[in-house]
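Every number here is computed from the coordinates shown, using simple stated rules; none is lab data. Not measured: the values here are computed from a predicted model. No Cβ is skipped: glycine too gets one built from the backbone with ideal geometry, and neighbour counts run over all protein chains shown.
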Amino acid sequence: MDRSQALSKLFSVLIIFTISIFYGLHDDLAWAHKKIESGAVSSSSNRGPFSLVDHTGRAVTNEDFLGQFMLVYFGYTHCPDVCPIDLRVMIAAIKILGGDGKKIQPIFITVDPERDTVDVMASYVTRLHPRLLGLTGTPDQVAAAAQVYHIRRMKFFPLVNEDDRQNEVNANNAHYVVDHTAAIILVGPDGSGLSGFPHGITPEAIAADIKRFINQ
Ligand code: NI
């Protein structure tokens, strides 16, 4: 595959990521499994600076993760359905990889920094996997990180009835949901995105894809 083919493949993945938010597909993602072949790694997409805080309170940047593979998932701890499922699939894929799984750093980045404080993230991620790293930060820090990974998110306040309509603009209403791009992203040692795995994929398929890159 030449460079222009690789880039056009990459752009098709990004377009699908973008379309998903407009159709509100968080709960019903029907994406094809779009993979970027290893030849596309030279693309600058998904590379970029971010600065966040991990669930132990330590400041981290993208540079701290260079040299290792990452599985990155953006979501939030209040997510009722999709996030917990996707995180369990991500962790199951790492288990399937056995010894190679130790080469992968699983990362959960919140799209809801207002509620997902360091302490909230800590109690959430430690229940899922001992090596799962939870990242949060200021709203600006999280927005920047989401942009690096092309993650769209939108907060909205469910309306119970007409009288609740004013709640829509009530900033103090804590009972909101965050619609967000749901994809597990494989990031290579140089910080480039290698694959995007859609909601609904099996852990076996993720593990098989990761093996292609790890055993190169
Ligand atoms: Ni979610």
Open item on the list: Skipping prolines and chain starts, which residues have an amide H placed within reach, meaning under 5 Å, of the one on residue 60, given they are 5 or more residues away or on another chain?
Closed with: 52, 53, 54
Open item on the list: Using a 7 Å offset from the Cα along the Cα-to-Cβ direction at both residue 202 and residue 66, what is the distance between the two label points in nm, to one decimal?
Closed with: 3.8
- [ ] List, in order, the whole-Hz ³J(HN,Hα) value for each residue of segment 100-112 obtained from phi through the Karplus relation with A = 6.51, B = -1.76, C = 1.60 and θ = phi - 60°; use x for Gly and Pro.
- [x] 5, x, 5, 7, 9, 9, x, 10, 10, 10, 6, 9, 9
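Work through the residues other than residue 106 whose Cβ is under 13 Å from its Cβ and net out their charges, Lys, Arg +1 and Asp, Glu -1. Present the calculation step by step, with values, prior to reporting the outcome.
Working: positive: 88, 95, 102, 103, 131; negative: 54, 86.
Net of charged neighbours comes to +3.
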Open item on the list: Under the rule of at least 5 residues apart or a separate chain, name every residue whose amide H is placed under 5 Å from the amide H of residue 183.
Closed with: 74
Task: Per-peptide average of other Cβ atoms within 10 Å, ordering 175-185, 106-116, 81-91, 48-58 highest first - done: 106-116, 175-185, 81-91, 48-58
Task: Point-to-point label distance, residue 88-residue 138, nm (Cα→Cβ direction, 7 Å offset) - done: 3.7
Open item on the list: Once you place label points 7 Å from the Cα toward the Cβ at residue 131 and residue 58, how far apart are they in nm?
Closed with: 1.5
Task: Per-residue ³J(HN,Hα) for segment 83-94, Karplus 6.51 cos²θ - 1.76 cosθ + 1.60, θ = phi - 60°, Hz, x for Gly and Pro - done: 4, x, 5, 5, 5, 5, 5, 4, 5, 4, 4, 5
